[in-house]
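Here is the structure we will look at, set down as structure tokens.
No value in this document is a laboratory result; all are computed from the given coordinates. Keep in mind that this is a model prediction, so the values were computed, not measured. With ideal geometry, Cβ positions are generated from the backbone for all residues, glycine too; neighbour counts draw on all protein chains shown.
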Amino acid sequence: MAVKMAKSETIIISQTKEWLKEQQLIDFDVLDSVPRAQCKRNHYVLMVKNLPYTAKEAEIKELFERYGQVKRFMISPFNTLAIVEFTSKSFAKAALKNLAYHKVNFVNPIYLEYAPKGFVRQNASEDTAGVSAGVEAKEEVQERQKRQIFVKNLNFDTREEQLRSVFQEANTGGQVKAVTIIRKSETGQSRGYGFVELSSQSAAEKAVKQLQNFLLDDHAIKLSLSTKAITESEDKQKKDKVLKKRKASEAVNEEAELENEDVQSEKLLVKNLAFECTPEEVRELFQPFGHIKKVRLPKKVNS
């Protein structure tokens, strides 16, 4: 049985490697070119591991689409590895935070990590466009994130026009720019959630407050801002807090090491010995590891 399992694992690993090499958008050599500890990460692309064999590609993709727009999604044979590329770093960060160790189909906890830089190649046309308009695109994405609302608990029969009408009638001081209800690719049926983009961040914040739990087609819709913009001051405060914790942890570790050095002993306490055990048998057991001065076995059960 063990030999058969080993052969099966070898076949699966081999096919996964072949799949990676066949993908024109994946540079397989990047995985071996740089040591893991020194590897720089692409914060747009997530590698998904430990997926259950029974999971379907559509449901895995749908799981990640809940946290933002997915630019590319690829999955290997036997579901050994999936590659998810988002249009924004914040989308990838949200997915990583919320889906790490998530159990797909209540079976396996999935393992997530950022892919190495260069692991996912860009098309030539995308590279040219990225050089000329990369900064503008990034600013536009960040601006859209601030005014985008995630809507869940939608009735499966609710249409985009109905959802748009609800937000247009609300007194938010802004206009509805776009409404999207995520649907199944096979049937076109709603998945029960979507996104609404307003003309400004303040309008999006007002809409979340005013329309939270609004009853639409007998469903109380749940609203939340798609991403939370972190200011430079907040970011600095978080970094300072992490540094303080790290320094405090290092100080505690140093104190513990000093205490351990002072409390070193040449005695060993051996538990769970049989009552019939003799000092000679214990001595014979520990003799290969050094000179033994004394072996003492308590005579009473409670001692």
Likely footprinting exposure, Glu266, Glu62, fewest C-beta neighbours within 10 Å first | Glu266, Glu62
When Leu163, Leu285, Leu81 are arranged by how many other beta-carbons sit within 10 Å of their Cβ, fewest first, they go Leu285, Leu81, Leu163
Can you list residues whose amide H is under 5 Å from Val120's amide H, if they're 5+ apart or on another chain and H is modeled 1.01 Å from N?
-> Asp27
With a sphere of radius 12 Å drawn around the Cβ of Ala178, what net charge do the other residues whose Cβ falls strictly inside it have (Lys, Arg +1; Asp, Glu -1)?
-> +2
Cβ under 12 Å from Arg191's Cβ, Arg191 left aside: what net charge do those residues give with Lys, Arg +1 and Asp, Glu -1?
-> +1
Efficiency of FRET from Cβ geometry, Ser199 and Ala100, R₀ 30 Å, rounded to 0.05 = 0.30
Label point at Ser185 placed 7 Å out along Cα→Cβ; residues across region 85-104 whose backbone nitrogen lies under 17 Å = 85-87
Which of the residue pairs Lys97/Lys152; Lys117/Lys146; Lys206/Lys247; Lys209/Lys244; Lys71/Lys245; Lys97/Lys146 have a Cα-Cα distance greater than 30 Å in the structure shown?
-> Lys206/Lys247; Lys209/Lys244; Lys71/Lys245
Would you tally the net charge around Pro52, using a Cβ to Cβ cut-off of less than 13 Å, leaving Pro52 out, and scoring K and R as +1, D and E as -1?
-> +1
Taking the Cα-to-Cβ direction at Ala58 and at Lys117 and moving 7 Å from each Cα, how far apart do the two end points lie in nm?
-> 3.9 nm
Taking Arg147, Arg72, Arg191 and counting other C-beta atoms within 10 Å, the order from fewest to most | Arg72, Arg191, Arg147
